[in-house]
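Worksheet for the structure shown next.
The values are calculated or read from the model by the stated rules, or taken from the named source; none is laboratory data. Just so it is clear, the structure is predicted and the values come from calculations on it, not from any experiment. For neighbour counting, all protein chains shown are included, and Cβ atoms are generated from backbone atoms with ideal geometry for every residue, glycine included. All accessible areas refer to the heavy atoms of the entire protein, side chains included, with ligands and DNA or RNA removed. Shrake-Rupley method; radii C 1.70, N 1.55, O 1.52, S 1.80 Å.
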Amino acid sequence: FIGSNLVRTLLNDPESGPITVISRKPQHNQHSGASYFTGSVNDETRMRELLFKIQPRIIFHLASAAPESPLKEQNTTNVRGTQILLKCASRLPFVKALVYTSSHEGVEIEPRNEQLTEETCKMLTEKSTATPHQKSKGTADALVLAANGENLRTAVLRLPPVYGEGDPRLIPSIMGMM
């Protein structure tokens, strides 16, 4: 639902160019004015084909396995899918930036409860004692930051739990308890 809200916001911004969405299920949450294609970050050939066709300047990477998904799906979508997207983006001269939506859960929390900064925070890795979701988000986060360079600018948004209009998880769960 974060992607759907991002699309709506970009469509309302007069400075945004064409808005194109690649999704495993593009028939969900469509907005008039955006173009939709079926694809998965796990399919390198399809990603390369679609990115070459679309020729985006900026990629917003919001694909993620659900936190409760099994380890294999976490690694396939969050880590391998991010590697594929970074590889494709870095080889296409028209792609200038990639923004990845990570999670606050990908960061190792210090027991001293000190304020975290980019310089002091440590990302969770596959070897960390954490859930598969946390480890995969931390690993993908680190991959995106490491890919930042002159030809491809990268950024990571570490989101806390998000809820609101269109939320498929938290709000329905709370409503179900009432």
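List the residues whose amide H sits under 5 Å from the amide H of Val21, counting only those 5 or more places along or on another chain, with H placed 1.01 Å from N in the peptide plane.
Long-range HN contacts for Val21: Ser35, Tyr36, Phe37.
Taking 8 Å as the Cα distance limit and 6 or more residues as the minimum spacing, I'd like the relative contact order of the chain as a percentage.
In percent, rounded to a whole number, it is 19.
Hey, for a label at Glu118 modelled as a point 7 Å past Cα toward Cβ, could you say which residues of region 142-165 have their backbone N under 17 Å away?
142-159
Run the numbers for Leu71 and Ser16: contour at 0.36 nm per residue of separation, minus the present Cα-Cα distance, in nm.
Length gained, Leu71 through Ser16: 16.1 nm.
Normalised by the residues of region 62-135, what does the relative contact order come to in percent, with Cα pairs under 8 Å and at least six apart?
Value for region 62-135: 35 percent.
In the structure displayed, which of Lys25/Lys72; Lys53/Lys96; Lys72/Lys96; Lys87/Lys135; Lys53/Lys87; Lys25/Lys122 lie more than 26 Å apart, Cα to Cα?
Listed pairs above 26 Å: Lys72/Lys96; Lys25/Lys122.
For a Förster distance of 25 Å, can you work out the FRET efficiency between the beta-carbons of His31 and Glu126, rounded to the nearest 0.05?
0.10
Just need the relative contact order of region 1-101 here, percent rounded to a whole number, with Cα pairs under 8 Å and 6+ apart.
25 percent
So which residue, out of Ser16, Ser128, Ser64, gets the largest mean-square fluctuation from a GNM of the chain using Cα contacts under 10 Å as springs?
Fluctuation is largest for Ser16.
Where only protein heavy atoms count, and the probe is 1.4 Å, what is the accessible area per residue for region 1-153 in Å²?
Counting only protein heavy atoms, the per-residue value for region 1-153 is 60 Å².
For region 31-119, just say rounded, prolate or oblate: build the C-alpha gyration tensor, square-root its eigenvalues into a ≥ b ≥ c, call rounded for a/c under 1.5, and beyond that prolate if a/b exceeds b/c, oblate if not.
Verdict is prolate for region 31-119.
Report the net charge of residues surrounding Ala147, where surrounding means a beta-carbon distance below 15 angstrom and charges are Lys +1, Arg +1, Asp -1, Glu -1.
+3
Using a probe of 1.4 angstrom, how much of the accessible area of region 74-178 is carbon and sulfur, in percent?
Percent of accessible area from carbon and sulfur atoms in region 74-178: 56.
Taking a ≥ b ≥ c as the square roots of the Cα gyration tensor eigenvalues, with a/c under 1.5 meaning rounded and otherwise prolate when a/b beats b/c, else oblate, which class fits the chain?
Oblate, since a/c reaches 1.5 and b/c is not below a/b.
Please compute the modelled spin-label separation between Ile2 and Ile171, points set 7 Å along Cα→Cβ, answer in nm with one decimal.
Computed distance between label sites Ile171 and Ile2 equals 1.7 nm.
Per DSSP H run of n ≥ 4, the term is -39500 (n - 2.57); total these for the chain, divide by its residue number, and report the mean residue ellipticity at 222 nm rounded to 500 deg cm²/dmol.
Taken over the chain, the calculation gives -9000 deg cm²/dmol.
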